[in-house]
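Beneath this line is the structure, given in structure tokens, with notes to follow.
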Amino acid sequence: MDYQELSDFFVHLDRSYFIDNEMKEFADRDQPLSIGYEQTISQPSLVLEMTQILAPEKNSCVLEIGTGSGYQTALLARFSKMVYTIERIPELSETAQKRLNNLGYKNIVYKIGDGSEGWAEFAPFNRIIVTAAAERIPKELIDQLARGGKMIIPVGPPELQELKLICKDDDGQLRQQTVDLVRFVEMKGKYGWKNKAAVK
Ligand code: SAM
């Protein structure tokens, strides 16, 4: 991806547009802010970092788990072919859809539901980004990652997680590394916290 284009777009993306509550006035702070429903809009520097690490290409199909406000989605959609984004809280998804439609995006497909299982219908994905903390990496997400693809996912307990980058090479072999320490809200659902379904 073109990092100069990414940074130009990022600095002009008005984060306050993605916040409708009393936190709006703090939009330019580099910190997560409440968007209601016990959820947050992510910290701008982390949104940028995760996008840089994921490095979507113009022809990439991206799966995003945790639409939230739509802020990260906007960045992904600008630099990818298609973004498939899943949010479990209907009100957040619907508001994000309105915002992103108003901005003119035509390459985003939305789903309200449990993203911890991925979205088999549109798999495989060239990139997968999870913006909520998983207990472990769901096997479905690994399976839905295309060969040559990359996934970024925070893994660990609510207090602190390792931000993992998983790369699947052209032979289907996986490589995993920790690229940062982060603090995200919990991923819920079948493979989320407090659910002991089989995970990889
Ligand atoms: N990147 C988003 C933004 O910039 O606004 C912030 C995402 S917020 C930190 C995490 C989101 O993941 C929340 O909106 C939460 O409802 C959602 N979430 C948690 N578990 C989920 C699941 N199993 N499936 C889909 N969304 C989930």
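The values are calculated or read from the model by the stated rules, or taken from the named source; none is laboratory data. Note that the structure is predicted; figures quoted are calculated from it, not measured. Note that we place each Cβ from the backbone using ideal geometry, even for glycine, and neighbour counts take in every protein chain shown.
Residue-level check: of (1) under 22 Å from Ser45 (Cβ atoms); (2) not in a loop (DSSP other than H, G, I, E, B), Glu159 misses just (2).
Is it fair to say Asp30 is modelled with pLDDT of 95 or more and among the charged types (D, E, K, R)? Criteria met by Asp30.
For region 25-58, residues that are more than 12 Å from the ligand (Cβ to nearest atom) and in contact (Cβ under 8 Å) with a residue 40 or more places away in the chain total 7.
Listed here are the residues, each with its yes/no results for (1) outside any helix (DSSP H, G or I); (2) within 28 Å of Gln176 (Cβ to Cβ); (3) more than 12 Å from the ligand (Cβ to nearest atom); (4) free of Cβ contacts under 8 Å to residues at least 40 places away in the same chain.
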site	(1), (2), (3), (4)
Ile86	yes, yes, no, yes
Ser93	no, no, no, yes
Gln97	no, no, yes, yes
Leu100	no, no, no, yes
Tyr110	yes, no, no, no
Glu121	no, yes, yes, yes
Ile128	yes, yes, yes, no
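Whether any residue in region 164-174 is touching a Pro at 6+ places or on another chain (Cβ under 9 Å) and either at pLDDT below 95 or within 15 Å of the ligand (Cβ to nearest atom) (or both) is what I want to check. Checking region 164-174: not a single residue is touching a Pro at 6+ places or on another chain (Cβ under 9 Å) and either at pLDDT below 95 or within 15 Å of the ligand (Cβ to nearest atom) (or both). I'd like to verify a number: residues in region 169-189 that are under 14 Å from the mean Cα position of the chain (by Cα) and aliphatic (A, V, I, L, M), how many? The number of residues fulfilling the criteria is 3.
If you go through region 13-26 one residue at a time, how many are out of contact with any Pro (no Cβ under 9 Å at 6 or more places or on another chain) and outside any helix (DSSP H, G or I)?
So the answer is 4.
Within region 133-144, restricting attention to residues that are buried (at least 24 other Cβ atoms within 10 Å of the Cβ) and either within 21 Å of Pro56 (Cβ to Cβ) or among the basic types (Lys, Arg) (or both), the residue that is farthest from the ligand (Cβ to nearest atom) is Leu141.
Looking at region 58-70, which of the residues that are assigned to a loop (DSSP other than H, G, I, E, B), in contact with a strand residue (DSSP E or B) (Cβ under 7 Å, 6 or more places away or on another chain) and of a type outside the set (Ser, Thr, Tyr) is surrounded by the fewest Cβ atoms within 10 Å (Cβ to Cβ)? Once the filter is applied, the top-ranked residue is Gly66.
Among the criteria (1) surrounded by fewer than 18 Cβ atoms within 10 Å (Cβ to Cβ); (2) hydroxyl-bearing (Ser, Thr, Tyr); (3) part of a helix (DSSP H, G or I), the one Thr73 does not fulfil is (1). If you check Arg78 against the conditions, is it free of Cβ contacts under 8 Å to residues at least 12 places away in the same chain and basic (Lys, Arg)? No.
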